[in-house]
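See below for the structure under consideration.
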Amino acid sequence: MSTSVSTSAQSGKSSAKRNRSIRVWVSVSAAIIICVVLGLLIRTQGFVRGSEFAPTHFVQRSFSFYEIPFFHWQITPIRRSDDTPPAATYVKTAHLKKLPLAKASVWHLVSLSRGISGTTTADANLLVAQLKFSEKSDPYWVDWSKQNPKQAAILWPIIQRLAERELYVFIPMVFATADSQDRSPAELQKILDEQLAQEYVSLIKDMREAGNVTLAATLLSESLADYPNHPDLQRLSIKK
């Protein structure tokens, strides 16, 4: 009888030990599977890359890092590298003489992509795309600036000022006007001033109608600093 009880106890212990081993094996296997799946998910969907532009210094840089997908929790340091287009380097050397000595601190997003979802462009791409545009071997706006140095001296400070104010939406119009036909520097300056003043007027009105009073006030202040005698801007100033 005692032998039977002892055998039964040993059998129970062995069974319990096997069950514990199975549970441990299942837990380890599940952990490995979860880690592999999570690793593949991060590898395919968690890679973030993009580029950004600093209008004060006329430079561009690319960046990349890994994150937990869907939650956007960054898990690796950001890697950055200079990606400045040759046209931007030419412009800041030839036409933007007064650049800050300190490192750029304000960067505007150009493009961003997460995983395999494709790339989304931001407003700053309206400028960067023009800087990278090329019909031949050299960037288009480098050739244009070399052929029209006096007009370029007017164009690029305006482009930089708009970029610093994040008014990239105005930039295609400015490039199109500069490139539309041969104009003297004085004519180009006059046309651009009128076009931009009117664009400011329209945008300020839109912001006021949308209830964005603070942004409208900022735009009005900036536009009056550039075009203090423009009648439509003066009327908007009275109607604050």
The chain: relative contact order from alpha carbon pairs under 8 Å, six or more residues apart, as a whole percent, is 13 percent
Taking the Cα centre as origin and putting +1 on Lys and Arg beta-carbons and -1 on Asp and Glu beta-carbons, what dipole magnitude results for the chain, to the nearest 20 debye? 1680 debye
Taking the chain, the whole-percent share of alpha-carbon pairs separated by over 34 angstrom is 42 percent
Would you work out the charge dipole size for the stretch 35-165 about its Cα centre, treating the Cβ of every Lys and Arg as +1 and the Cβ of every Asp and Glu as -1, and quote it to the nearest 20 debye? 300 debye
Which of LEU112, PRO149, PRO77 sits farthest toward the positive end of the charge dipole of the chain, with +1 on the Cβ of Lys and Arg and -1 on the Cβ of Asp and Glu? PRO77
Helix hunt in the chain: which complete DSSP H runs extend at least 18 Å axially by C-alpha with mean Kyte-Doolittle at least -1.0? 2-45, 149-164, 185-209, 213-226
Please compute the net charge surrounding LYS103, taking Lys and Arg as +1 and Asp and Glu as -1 over other residues with Cβ under 14 Å from its Cβ. 0
Say we join alpha carbon atoms closer than 10 Å with springs in a Gaussian network model of the chain; which of ALA153, ALA31, ALA129 then has the biggest fluctuation? ALA31
Projected onto the charge dipole of the chain (+1 at Lys/Arg Cβ, -1 at Asp/Glu Cβ, origin at the Cα centre), which of VAL169, ILE22, SER184 gives the Cα projection farthest towards the positive end? ILE22
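Each reported figure results from applying straightforward, stated rules to the coordinates on display, with no laboratory input. All of these numbers come straight from a predicted model, not from anything done at the bench. We place every Cβ from the backbone using ideal geometry, glycine too, and count neighbours over all the protein chains shown.
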